[in-house]
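Read the figures in this text as sums done on the coordinates, not as results from a lab. Here the structure is a predicted model, which means the values were calculated and not measured. Note that we place each Cβ from the backbone using ideal geometry, even for glycine, and neighbour counts take in every protein chain shown.
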Amino acid sequence: MSAETPAAPGQFDRRRLQFRSWRGTRPFWAGLYILIAGFPIMYFPYAHLQLGHLTIAMATTAGAGSLIIGVLLVVLGISVWFQKHIRTFAGVAAILLALVSLPVSNFGGFIMGFLFALIGGAMAVAWSPGVPPQPEVAWAPGTPQPEGDVPQTEGYTPGADDRLRGSDGMGVANDLSGTSPLDGANGRHSAG
């Protein structure tokens, strides 16, 4: 194969679309935020800042605690990607680890790791799987539609009082309190 030989046609597009469909079935961005949150929390307690000939160590007494929190966040971020059914547990655990990282590891990795873990955990808890779209059936003109598709009601006109109508949409009020404007009660109970 030479340098002028193109790659397989459509290989990049096919891989990109496969990744997009994989990403769409799980809380991908929540996992990425949680994963990113672990790195500053792990790094800053062991980092040394050089200012000329002066070395500033940002090590804390809980350096091992920072390392554990950071590794747990990285593991939670990866597990959210591959085990999407534990998203609620992983999200709550990421939020709790973010809160614990504030006093343990340099204010949660100088607030960067704290914010990423907090936002990623909230996104993981809030994520819910989508419903796959139903294929639409196109009916040819002149072909009768099957019964039970959409009920046809005669004399029904949608209006402002739709919320007061019954679930069948036929104009029968579902309100049994006697205070419905359809009953002529003007919204007030009658005493006796």
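At 0.36 nm per residue, minus the direct Cα-Cα distance, what do THR25 and GLN134 gain on full extension? Give it in nm, one decimal, please. Numbers along the way, then the final one.
On the way: separation 109, 0.36 × 109 = 39.24 nm, distance 1.62 nm.
In short, 37.6 nm is gained.
Ordered by residue, what ³J(HN,Hα) values in Hz, to whole numbers, does the range 126-134 give under the Karplus form 6.51 cos²θ - 1.76 cosθ + 1.60, where θ = phi - 60° and Gly and Pro are x?
7, 5, 9, x, x, 8, x, x, 7
Given 0.36 nm per residue, what is the gain on full extension from VAL92 to ILE111 after removing their alpha carbon distance, in nm?
Between VAL92 and ILE111, full extension yields 5.0 nm more.
Rounded, prolate or oblate: which fits the range 48-114, taking a ≥ b ≥ c as square roots of the Cα gyration tensor eigenvalues, rounded meaning a/c under 1.5, else prolate when a/b beats b/c? Present the calculation step by step, with values, prior to reporting the outcome.
Numbers: a/c = 3.21, a/b = 2.50, b/c = 1.29.
Prolate.
In nm, what is the difference between 0.36 nm times the number of residues separating VAL71 and LEU51 and their Cα-Cα distance? Intermediate values should be presented prior to the final figure.
Numbers: separation 20, 0.36 × 20 = 7.20 nm, distance 2.90 nm.
So the chain would gain 4.3 nm between VAL71 and LEU51.
Give me the net charge of ILE34's neighbourhood, meaning all other residues with Cβ under 14 Å from the Cβ of ILE34; Lys, Arg count +1, Asp, Glu -1.
Values: positive: ARG26, LYS84, ARG87; negative: none.
Result for the local shell: +3.
Give me a comma-separated list of calculated 3J(HN,Hα) values for the range 72-77, in order, Karplus coefficients 6.51, -1.76, 1.60 applied at θ = phi - 60°, integers in Hz, x for any Gly or Pro.
4, 5, 5, 5, 5, x
Within 10 Å, count the other beta carbons around each residue, average over each peptide in 41-52, 110-121, 92-103, and list them highest first. Mind showing how you got there, number by number?
On the way: 41-52: 15.3, 110-121: 22.2, 92-103: 19.7.
In descending order of packing, they fall as 110-121, 92-103, 41-52.
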